[in-house]
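What follows is calculated from the coordinates using simple rules that are stated; it is not laboratory data. Keep in mind that this is a model prediction, so the values were computed, not measured. Here the Cβ is made from the backbone with ideal geometry for all residues, glycine too, and neighbour counts use every protein chain on show.
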Amino acid sequence: MHEAWYRLLSILVFTAGFWEGPAAVLYRIIGDDHGHPMRPVNYLDAPWNFVASGAAIAVTVVLLAVLDKGREKALARERDAGDARAHAGSHTG
């Protein structure tokens, strides 16, 4: 997968996690928000919306870690493939 896709997925995961996690908690505490299509976790009652926000934060962190690990593996594969091509090219002359 191209690095641009990893960056795009990372941005989307971070944005969704931010809106369902810290932003939802802040809107609930500061603005007494009780739900919005961008923050559906706030439709839940008082203790459960904080639990759901915490779970959203945890899922976001795990997904970002998986995406980063996948990106590192893809870069290593590309680097190894480039080294193999360079090595093969130097012996075919």
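Extension gain for the segment HIS34 to ALA16, taken as residue separation times 0.36 nm less the Cα-Cα distance, is 4.7 nm to one decimal.
Rg/Rh for the chain stands at 1.33; both radii use Cα atoms, and Rh follows the Kirkwood definition.
Only helices reaching 18 angstrom along their own axis (Cα) with mean Kyte-Doolittle hydropathy no lower than 1.6 count here, and not one DSSP H run of the chain does. In this Cβ point-charge picture (+1 for Lys and Arg, -1 for Asp and Glu), the chain has a dipole of about 280 debye about its Cα centre.
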